[in-house]
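Scroll down for the structure; my scribbles are underneath it.
Bear in mind these aren't lab numbers, they're just calculated from the coordinates by the rules spelled out. Owing to the predicted nature of the structure, the values given are computational and were not obtained by experimental measurement. Cβ coordinates were reconstructed from backbone atoms using ideal geometry, including for glycine residues, and neighbour counts include every protein chain displayed.
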Number of protein chains: 2
Amino acid sequence: MNISMRDLRAFIAVAEQKNFTRAAEQCHLSQSAFSALIQNLESELGVKLFARSTRRVELTAEGKVFADSANRLLVEFALVQSEMKDHVEMRKGRVSVAALPSLAAGWLPVVLKEFRANHPGVSTELADTLSDECLELVRAGRADFALCAAGSDMAGLEAEPLCTDEFYVVMHREHPLARRKSLSAADLLNQPFIHLSHTSSVRQLLDAALHPGRIAGIMEVAHLASVASLVGNNIGISVIPFLALFQFSHPDLVIRPLKEPKIVRTIYAIRLADRPLSVAAEAFLALLKKRRSKIRSELGKDERRH
Amino acid sequence: MNISMRDLRAFIAVAEQKNFTRAAEQCHLSQSAFSALIQNLESELGVKLFARSTRRVELTAEGKVFADSANRLLVEFALVQSEMKDHVEMRKGRVSVAALPSLAAGWLPVVLKEFRANHPGVSTELADTLSDECLELVRAGRADFALCAAGSDMAGLEAEPLCTDEFYVVMHREHPLARRKSLSAADLLNQPFIHLSHTSSVRQLLDAALHPGRIAGIMEVAHLASVASLVGNNIGISVIPFLALFQFSHPDLVIRPLKEPKIVRTIYAIRLADRPLSVAAEAFLALLKKRRSKIRSELGKDERRH
DNA sequence: CACACTTACGATATTCGTAAGGATT
DNA sequence: AATCCTTACGAATATCGTAAGTGTG
């Protein structure tokens, strides 16, 4: 028992035209092939659908019953087809992104806005969280992809570099080091230092780069806003990646590039390996890559605003 | 764009099994043919439905969307199939019969009852009316077939004899002719005669057979019950077909066979030519023919009851 | 190296169209 | 004679299965 949409369309064509020849034309078939098709349909259903006298073709009682059903099935099927098309052409869909708070608060919304304007039917979700949780969301399939740093275990994931992010020293404007144009790791020794929590990728990177034993950490907080406040009150200094600097735009704060060693982290677009993204997610990721040059200029705008 | 139910079943099979090989077995196909089938489906829809790594098969985002639709379509289709089957096997359907009042009041209900008991899902309709209107109902498609006498214009109709119906003289028991065992046309001359209306097939047959000029018609009524009442009051006599005699079972009435000429009418099963009956109507007609031997015995029962 | 999907390719079935047949008006 | 559906039959097409190819764990 195998009936196709074409069979249904053919059936409906005869039912409407009441004529095999015209129905066959409508279906781009020879009349004989068409006749065979209808006969086949009748035998599959086990019912005569048409009463053919040589001069007239009419639906049988059972044919009428089937006509209603066939029409309904065709409509249903057309809806399914159009829904699939909607997804392919991104009039429908869903994109779920996990991103570092720094990206989620700065550059990402700008691109998100553009994407949403272009594809109003596609719903977008954004989870702003630390790298590890970003990766977890991707692994669990709760996010299509993540924009974050690479984690220690990247098995099953595929990471594509999106941009690099340099680290800066932030301190109070009255801090002794504030007069310097740039700073090195040696300058930070014995300075009261505000750390982010160990789970933060920033912290992990700093620990690796700056020999933690020699840094006089005096405090450990979870959120950048806390760091900014502590530094703003001159309780200590900190080292922050460029993308997070928008939280440190304050007259009392001074930002200085950290040189020697220059610390750079890479932000990746990370997704499940061997799993294609949905059409919409693919498109959104493409747009993100297309707009990646604006990452810094967007932040610039943000800083100028303060 | 031609997608078949088989395609949907195959798709659902992989979606559930998450494995082409098992799904192929489930569909009684070789794995390679199955693979081609799915690829074909994907290309027809214009979307990748499955993410195949060599080790795992999963639905893509679009595949999940399609899975819901495919399931729904299959369910819908199964319902359509079962509805068609219901009609073929007469768990559903409709039979509409037009029949002469004499049949509709006597034999027909008995067969109808049997049919309805065997096929409770099939709705039955019965129009009890004179032959001309019976034929009209059949022509208009309002009745599947009619049980009545043949009309003057039988074009487009197909008549199959069902039974014959002989005519009897009915009169009051005190009527002079009541003592006779049988009567001839000559006996009826100059007797006050109760006629049915000209539209009645009975009347037409009598007019043709009994030389109306020589019959002293004194009254013309539409319904047999009126004839019975008039005759019951000894206002006149009448000639009535056997099948209608059940209305004349009364102690005051006497029924005598009419011989010379013996008048016989034929009752036909009449339907549209070149139009098959619905399965249910065909079955009902078959049952009617099978039970036709009971036409007289049913009437006998009726008469015995009085 | 075993498993699982894809590709290649010859074999098999289906489906197609032309042409002839048959029935009706 | 014209119309319209069916049947016959060779041809085109699609589908199938075996077997080889490929990538992964």
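Data overview
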quantity: Net dipole in debye of chain B [+1 Lys, Arg Cβ; -1 Asp, Glu Cβ; about Cα centre; nearest 20]; calculated: 940 debye
quantity: Dipole-positive endmost among B:Gln17, B:Asn40, B:Leu29 within segment B:1-64 (Cβ charges, Cα centre); calculated: B:Gln17
quantity: Span from the segment B:183-247 Cα centroid across to the segment A:146-208 one, whole angstrom; calculated: 117 Å
quantity: Per-residue Cβ neighbour rank within 10 angstrom, fewest leading, A:Val65, B:Val57; calculated: B:Val57, A:Val65
quantity: From phi via Karplus (6.51, -1.76, 1.60), per-residue ³J(HN,Hα) for segment A:68-82 in Hz, x at Gly/Pro; calculated: 4, 5, 4, 4, 4, 4, 5, 4, 3, 5, 4, 4, 4, 4, 6
quantity: Entries in A:Lys85/A:Lys289; B:Lys92/B:Lys290; A:Lys294/B:Lys64; A:Lys92/A:Lys289; A:Lys48/B:Lys48; B:Lys92/B:Lys289 that, when Cα-Cα distance is taken, lie over 29 Å; calculated: A:Lys294/B:Lys64; A:Lys48/B:Lys48
quantity: FRET E, pair B:Ile218, B:Arg142, Förster distance 30 Å, beta-carbon r, rounded to 0.05; calculated: 0.25
quantity: Amide H contacts of B:Thr164 (H built 1.01 Å from N, under 5 Å, at least 5 apart or other chain); calculated: B:Ile267
quantity: Among B:Gly121, B:Ala150, B:His198 the positive-end extreme of the charge dipole of chain B (Cβ point charges); calculated: B:Gly121
quantity: Rotation relating B and A, chain A residue nearest the axis via C-beta, angstrom; calculated: A:Ser4, 2
quantity: Hz values of 3J(HN,Hα) by residue in segment A:226-243 - Karplus curve (6.51, -1.76, 1.60), Gly and Pro given as x; calculated: 5, 4, 4, 5, 5, 5, x, 9, 6, 7, x, 10, 8, 10, 10, x, 3, 5
quantity: Built amide H within the under 5 Å cut-off of A:Leu126, gap 5+; calculated: A:Val97
quantity: Cα lying deepest toward the dipole's positive end in the protein assembly as shown, options A:Ala104, B:Pro257, B:Phe77, charges on Cβ; calculated: B:Phe77
quantity: Compactness index (Cα Rg / 2.2 N^0.38 Å), the protein assembly as shown; calculated: 1.79
quantity: Computed magnitude of the charge dipole of the protein assembly as shown (debye, nearest 20; Cβ of K, R +1, Cβ of D, E -1); calculated: 200 debye
quantity: Ranked list, fewest to most other Cβ atoms within 10 Å of each Cβ, for A:Met1, B:Met90, B:Met219; calculated: A:Met1, B:Met219, B:Met90
quantity: Nm distances between copies for B:Ser82, ranked from closest, using label points 7 Å along Cα→Cβ; calculated: 2.9
quantity: Segment B:43-172 - convex hull of the alpha-carbon atoms, volume per residue in Å³; calculated: 198 Å³
quantity: Nm distances between copies for A:Ala222, ranked from closest, using label points 7 Å along Cα→Cβ; calculated: 9.2
quantity: Placed amide H near B:Ile3: partners under 5 Å, 5+ positions off or other chain; calculated: A:Met5, A:Arg6
quantity: Residues A:Asp132, B:Asp165, sorted so that the one with the fewest Cβ neighbours within 10 Å comes first; calculated: A:Asp132, B:Asp165
quantity: Cα-Cα separations in chain A greater than 33 Å, expressed as whole percent; calculated: 49 percent
quantity: Efficiency of FRET from Cβ geometry, A:Thr21 and A:Thr164, R₀ 56 Å, rounded to 0.05; calculated: 0.20
quantity: Over 14 Å [Cα-Cα, segment B:32-89], rounded percent; calculated: 67 percent
quantity: Simple spin-label estimate for B:Thr54 and B:Glu125 in nanometres, 7 Å along Cα-Cβ; calculated: 6.7 nm
quantity: ³J(HN,Hα), Karplus 6.51/-1.76/1.60, whole Hz, each residue of segment A:24-37, x for Gly, Pro; calculated: 4, 4, 4, 9, 6, 9, 5, 5, 6, 4, 5, 4, 4, 4
quantity: Helix-only mean residue ellipticity at 222 nm for chain B, each DSSP H run of n ≥ 4 adding -39500 (n - 2.57), per residue, nearest 500; calculated: -13500 deg cm²/dmol
quantity: Assigned charges on the beta-carbon of Lys, Arg, Asp, Glu; segment A:66-175 dipole about Cα centre (debye); calculated: 460 debye
quantity: Other copies of A:Asn233: label-to-label distances in nm, shortest first, labels 7 Å along the beta-carbon direction; calculated: 11.9
quantity: FRET efficiency for A:Leu287 and B:Val75, using Cβ-Cβ distance with R0 set to 30 Å, rounded to 0.05; calculated: 0.20
quantity: Among A:Asn118, A:Asn40, A:Asn190: highest mean-square fluctuation, GNM of chain A, C-alpha pairs under 10 Å; calculated: A:Asn40
